[in-house]
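Chemist: Take this structure, written in structure tokens, and hold onto it; I'll ask about it next.
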Amino acid sequence: MLTNFKRVLTFALNDFNRNKGISIAAIFVLVITIMLVTGLFFFQGVAGYLTSQIQDKIDITAYFNNTTSEQDILNAKAEIAKMSPDIKSIEYISQDQALVNFNASHKDNSILTQALQEVGDNPFLPSLNITTNGQPSQYTSVVNILQTSDFSKLINKVVFPKDTINKIYSITKNVNLFGIILGIILVIVAISVVFNTIKLAIENSKEEISTMKIVGASDRFIRGPFVIQGIIYGLIAFLICIVISALSFYFLSPKMEILLPGFNSFNYFLTNWYIFVLIQLGFGIGVGIISSLIVVKKHLRG
Amino acid sequence: MIKFEKVTKIYPAETVVLQDITFEIKKGEFVSVVGKSGAGKTTLVRLILGLEFATLGEVYFEDIKLNDANAPKIQEIRRKIGCVHQDYKLLPKKTVYENVAYIMQVEGKNNEEIKKEVPRVLEVIGLKEKMNNFPDQLSGGEKQRLAIARALVNQPDIIIADEPTGNLDPYNTYEVISLLQKINAAGKTVILSTHDREIINKLGKRVITIENGKIIRDEAEGRFII
């Protein structure tokens, strides 16, 4: 068994070495397709980051009556947090803080500043800014909770941009769907390109396979070297791709941060390195093995 | 050793290649199968090797019905047969040494045995000096000698030579036939498929003549008469 495996391995290494042109072409095609699949995964990551960034900026604001004490609002905050698992964060903004925020945002607008001075008192209401996990239905359910709770009498009004949320949700949903469909199409294209490349490489050995059959070699003995060559193609392509990916993410990271502030592509790569390895190694070796098995099987039958 | 019982082979599109063929080849015989191109000689060889199966009738190899044999059994039978073909059927990406060694590796022989036996066979066949060459670096005669070395290395009981001299000059043809005669003299069964009249007439051995897929003559010391 071990002797046979060693022989099959030696045949595979010899064939790989003696067919350098075909081997390099197969690896080149695999590298391109693996990078395509890696790019798709990265695209999904960027899309997810953008979606979460947009969703984080949408919140529900519950304005409390200005007679409500800070302690009552903080009690209400604790109650709200317990009420729905959809709530991601709650931020308390006092009347004074609201005034500070307003002044900071409009410090260059003298008319507004003057108008505020003429009013005299702080016209702002204390509020709770509530962020949910993103689905429009979650916003509605949180608003319902706020309006029907025991402390609803303390609330002056609840404000949330329902139409904007629906639009953003619809856009992000479509972007994700488009990403998945495009991903599936490109993966199918990638698989068929790799399959055909390996098919061409094995077709080159068609006569050889026929001779091996005539001399009584078992199917496993014939198939083995081709499958191992498929593994070698996949392994080398994976090593090339992981190096290209790491270098690309490292050097593109500063430029990506200009386009997507807060998104560090190299950190994303480091955080998800095992998924990148799994995708690249799985795709490379998996497609290499399966393609070899299918093509050799066809010749063994013929 | 090999028996054909009322064998008919029909390819798709209703092409009848062999029709109602019956004969038996005993151990140690030298049998020539002759006929014009397209007579069915190669199909007959392919039926013995289990590369094709009879549409009707039965082919037996050492009492094993080939039609009923599974893939491992067929592979085992092929390993018992040494084959020489007109187009050599060498492994182009393996060296001369590796081509011969491959047959022993298929048989599961150990490395020591292979290292000892392959150079010996190559020496007998006159190719020891070229053991690191690839087949495309050999002449036609050398390729055929390599094919014979490969057929002999496992010391099979039976050698099938399908048009082995088709691509060779008279000198190499003479060498190959002499070699087959020596193999037969050593007790091995030899089946020679050819359409070379001169060879058959000189051999003076059993001749099965096929015409249009039928056996028209089977003579103990036959001649090429078509």
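The values are calculated or read from the model by the stated rules, or taken from the named source; none is laboratory data. Keep in mind that what you see is a predicted model, and the values were worked out from it rather than measured. Cβ sites come from the backbone with ideal geometry, for glycine too, and all protein chains shown count toward neighbours.
Chemist: Given the criterion assigned to a helix (DSSP H, G or I), hydrophobic (A, V, I, L, M, F, W, C), within 25 Å of residue B:218 (Cα to Cα) and away from every other protein chain (no Cβ under 14 Å), identify the matching residue among B:44, B:18.
Modeler: One residue alone meets the criteria, B:44.
Chemist: Among the candidates B:54, B:39, single out the residue that is surrounded by 15 or more Cβ atoms within 10 Å (Cβ to Cβ) and closer than 15 Å to residue B:5 by Cβ. Reasoning before the result, please.
Modeler: Details: B:39 fails: closer than 15 Å to residue B:5 by Cβ.
Every option except B:54 fails the conditions.
Chemist: Output the number of residues of the stretch A:145-157 satisfying the condition of being under 34 Å from the mean Cα position of the chain (by Cα) and closer than 18 Å to residue A:66 by Cβ. Give the steps one after another, and end with the answer.
Modeler: Kept after step one, since they are under 34 Å from the mean Cα position of the chain (by Cα), are these residues of the stretch A:145-157: A:145-146.
Filter again for closer than 18 Å to residue A:66 by Cβ, leaving A:146.
Adding up the residues that qualify gives 1.
Chemist: Can I ask one more? List the residue pairs whose Cβ atoms are under 9 Å apart, where the first residue sits in the stretch B:89-109 and is on the phi > 0 side of the Ramachandran plot, the second is part of a helix (DSSP H, G or I) and surrounded by fewer than 20 Cβ atoms within 10 Å (Cβ to Cβ), and the two are 6 or more positions apart or on different chains.
Modeler: B:89/A:207; B:89/A:210; B:89/A:214; B:108/A:3; B:108/A:4
Chemist: Say whether the condition of being under 25 Å from residue A:24 (Cβ atoms) and assigned to a helix (DSSP H, G or I) is met by at least one residue in the stretch A:152-168. Explain how you work it out, then say what you get.
Modeler: Taking the stretch A:152-168 and keeping what is under 25 Å from residue A:24 (Cβ atoms), we get none.
No: zero hits.
Chemist: Sort out which residues of the stretch A:1-48 are surrounded by 14 or more Cβ atoms within 10 Å (Cβ to Cβ), of a type in the set (S, T, N, Q) and more than 17 Å from residue A:285 (Cβ to Cβ), and write them in order of number.
Modeler: Scanning the stretch A:1-48 gives A:4, A:10, A:14, A:19, A:44.
Chemist: Answer yes if at least one residue in the stretch A:239-250 is closer than 30 Å to residue B:46 by Cβ, more than 14 Å from chain B (Cβ to nearest Cβ) and surrounded by fewer than 21 Cβ atoms within 10 Å (Cβ to Cβ), and no otherwise.
Modeler: The first filter runs over the stretch A:239-250 and keeps only residues closer than 30 Å to residue B:46 by Cβ, leaving none.
Looking through the stretch A:239-250, none of the residues is closer than 30 Å to residue B:46 by Cβ, more than 14 Å from chain B (Cβ to nearest Cβ) and surrounded by fewer than 21 Cβ atoms within 10 Å (Cβ to Cβ).
Chemist: Can you find, within the stretch A:41-64, the residue that is modelled with the lowest pLDDT among those that are aliphatic (A, V, I, L, M) and in a helix (DSSP H, G or I)? Show your work before the answer.
Modeler: Here is the first cut: in the stretch A:41-64, the residues aliphatic (A, V, I, L, M) are A:46-47, A:50, A:54, A:58, A:60, A:62.
Checking the rest, the ones that are also in a helix (DSSP H, G or I) come to A:46-47, A:50, A:54.
Working: A:46: 86, A:47: 81, A:50: 81, A:54: 75.
Ranking the qualifying residues of the stretch A:41-64, first place goes to A:54.
Chemist: Hey, another quick one. Out of all the residues in the stretch A:200-225, which are in a loop (DSSP other than H, G, I, E, B) and either among the hydrophobic types (A, V, I, L, M, F, W, C) or more than 7 Å from chain B (Cβ to nearest Cβ) (or both)? Talk me through it step by step, then tell me what you get.
Modeler: Applying the first criterion (in a loop (DSSP other than H, G, I, E, B)) to the stretch A:200-225 yields A:204-205, A:215-218.
Hits for the stretch A:200-225 are A:204, A:205, A:215, A:217.
Chemist: From the list B:27, B:3, B:89, which one is part of a loop (DSSP other than H, G, I, E, B), under 24 Å from residue B:207 (Cβ atoms) and either within 14 Å of chain A (Cβ to nearest Cβ) or among the basic types (Lys, Arg) (or both)?
Modeler: Details: B:3 fails: part of a loop (DSSP other than H, G, I, E, B); B:89 fails: under 24 Å from residue B:207 (Cβ atoms).
None of the others qualify; the one that does is B:27.
Chemist: Could you give every pair whose Cβ atoms fall below 8 Å, whose first residue belongs to the stretch A:81-107 and is in contact (Cβ under 8 Å) with a residue 24 or more places away in the chain and assigned by TED's automatic domain parsing to the domain that holds residue A:119, and whose second residue is among the basic types (Lys, Arg) and assigned to a helix (DSSP H, G or I), counting only separations of at least 6 or pairs across chains?
Modeler: Taking only residues 6 or more apart or on different chains, the pairs are A:90/A:77; A:92/A:77.
Chemist: Only one residue in A:253, A:210 is in contact with a helix residue (DSSP H, G or I) (Cβ under 9 Å, 6 or more places away or on another chain), among the small types (Gly, Ala, Ser) and within 27 Å of residue A:22 (Cβ to Cβ). Which one?
Modeler: Values: A:253 fails: within 27 Å of residue A:22 (Cβ to Cβ).
That would be A:210, the only listed residue that is in contact with a helix residue (DSSP H, G or I) (Cβ under 9 Å, 6 or more places away or on another chain), among the small types (Gly, Ala, Ser) and within 27 Å of residue A:22 (Cβ to Cβ).
Chemist: Could you say whether any residue in the stretch B:70-78 is within 7 Å of another protein chain (Cβ to nearest Cβ), in contact (Cβ under 8 Å) with a residue 60 or more places away in the chain and part of a helix (DSSP H, G or I)?
Modeler: no
Chemist: Quick one: count up the residues across the stretch A:28-57 that are of a type in the set (A, V, I, L, M, F, W, C), under 30 Å from residue A:90 (Cα atoms) and out of contact with any Gly (no Cβ under 8 Å at 6 or more places or on another chain).
Modeler: So in the stretch A:28-57, the residues of a type in the set (A, V, I, L, M, F, W, C) come out as A:28-32, A:34-37, A:40-43, A:46-47, A:50, A:54.
If we keep only those that are under 30 Å from residue A:90 (Cα atoms) too, we end up with A:46-47, A:50, A:54.
So of that shortlist, the ones also out of contact with any Gly (no Cβ under 8 Å at 6 or more places or on another chain) come out as A:46, A:50, A:54.
The qualifying residues number 3.
Chemist: The conditions are (1) at the interface with chain A (Cβ under 9 Å from one of its Cβ atoms); (2) surrounded by 21 or more Cβ atoms within 10 Å (Cβ to Cβ), and residue B:98 fails exactly one of them. Which is it?
Modeler: Every condition holds for residue B:98 apart from (2).
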